[in-house]
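Taken together, the values in this text are just the output of simple stated rules run on the coordinates, not laboratory data. It should be emphasised that the depicted structure is a prediction, and the values quoted were computed from it without experimental measurement. Glycine gets a Cβ as well: all are built from the backbone with ideal geometry, and neighbour counts include every protein chain shown.
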């Protein structure tokens, strides 16, 4: 597809964060101007991330600070999708959340009952405050067959100083220690997160476009959910490494600012 065809077909752009719209604290190129132009064209913008260590409000605060968020935009995380899934499928159940204090507070606000003594569901999120005591206790309940959910599958989380272990790395550890794989993974590239987005924004998936820098999460997410996809080469994936994956994006751009070059 061409830039113009993507723009014509898309009502809602799902925008990955690091490597797609910014790197650390710096917008990529003229990203604030690009996003404002898309808003002027009537496009809905939703910032979408698998990172479940921060709340939507925390991400919005950062995006506003660096000039990327405007009224009418949205933020949707794998933690948000997990909250919605729990409320729809495990309402009133006791939940052991392995996550940050901010995420635990968000769960409480949504009426999800925290319980690390008699949990009925164990949820693994991106816990940057992880301790051995937390690991031991979580593993104890996994070995006893408690329902096991994970917010997302990413092995590493990019930072300015290099990658850090993410939920996928923790999943490998718990599989070795407990013999358990998660019963369900919520975030990209899986279907549950796509369902949540469709419900929240009331847009047909064929009118959504996923924009991201990772083939195995962003582009596969689009394929799994019947969305269009734009791969940007401003982050993790290069023109060479994209050939190592089976999925084919609808459009490949050097960065997302290039989406406007044929059309404006």
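Just the Cα atoms of the range 79-185, one point each, no solvent: what log10 I(q)/I(0) does Debye give at q = 0.20, 0.21, 0.22 Å⁻¹? Log10 of I(q)/I(0), two decimals: -1.04, -1.15, -1.26.
Springs join every pair of Cα atoms under 10 Å in this Gaussian network model of the chain, and among 230, 123, 211 the largest mean-square fluctuation is at 123. Compared with the dominant principal axis of the Cα atoms in the chain, helix 167-178 is inclined by about 30°.
Starting from the Cα-Cα distance between residue 33 and residue 2, subtract it from 0.36 nm times their residue separation and give me the gain in nm to one decimal. Kindly include the intermediate steps, with their values, before the conclusion.
Numbers: separation 31, 0.36 × 31 = 11.16 nm, distance 2.08 nm.
Here the answer is 9.1 nm.
Fewest-first ordering of 193, 31, 1 by other beta carbons within 10 Å of each residue's beta carbon gives 1, 31, 193.
Once R0 is set to 35 Å, what does the formula 1/(1 + (r/R0)^6) return for the Cβ-Cβ distance between residue 94 and residue 64, expressed as a FRET efficiency to the nearest 0.05? Given R0 = 35 Å and the Cβ-Cβ separation, E is 0.45. When only Cα pairs below 8 angstrom with a gap of at least 6 residues are kept, the range 159-219 shows a relative contact order of 22 percent.
Take every DSSP beta bridge whose two residues both sit in the range 79-185, then give the antiparallel share in percent to the nearest 5. Roughly 15 percent of the beta bridges in the range 79-185 run antiparallel, per DSSP. Where both bridge residues fall in the chain, DSSP classifies roughly 10% of the beta bridges as antiparallel.
You can think of it this way: the chain between residue 25 and residue 205 has 61.8 nm of extra reach, that is 0.36 nm per residue less the Cα-Cα gap.
A helix-only calculation puts the chain at -9500 deg cm²/dmol for mean residue ellipticity at 222 nm, using -39500 (n - 2.57) for each DSSP H run of at least four residues, averaged over all residues. Once the C-beta distance of residue 110 and residue 176 is scaled by a Förster radius of 45 Å, the resulting FRET efficiency is 0.90 to the nearest 0.05.
Thinking of the range 35-112 as a set of Cα atoms, what percent of all their pairs are more than 20 Å apart? So the portion of pairs separated by more than 20 Å is 40 percent. Relative contact order for the chain: 21 percent, from Cα pairs under 8 Å spaced at least 6 residues apart, divided by residue count. Between helix 56-65 and the chain there is an angle of about 40 degrees, using the helix long axis and the longest principal axis of the Cα atoms. With both labels modelled 7 Å from their Cα along Cα-to-Cβ, the residue 248 to residue 224 distance reads 2.2 nm.
For the range 139-228, report the % of Cα-Cα distances exceeding 18 Å.
Cα-Cα pairs of the range 139-228 separated by over 18 Å account for 53 percent.
Computed from Cα atoms, the angle from the helix 78-89 axis to the main principal axis of the chain rounds to 60 degrees. Full extension of the chain between residue 240 and residue 128 yields a length gain of 37.1 nm, computed as 0.36 nm times the residue separation minus the alpha carbon distance.
Stokes-Einstein diffusion for the chain, with the hydrodynamic radius set to the Kirkwood value over Cα pairs and evaluated at 37 °C in a medium of 0.692 mPa s, equals 173 µm²/s. Would you give the gap between the C-alpha center of the range 137-213 and the C-alpha center of the range 30-106, rounded to a whole Å? Cα centres, the range 137-213 to the range 30-106: 15 Å.
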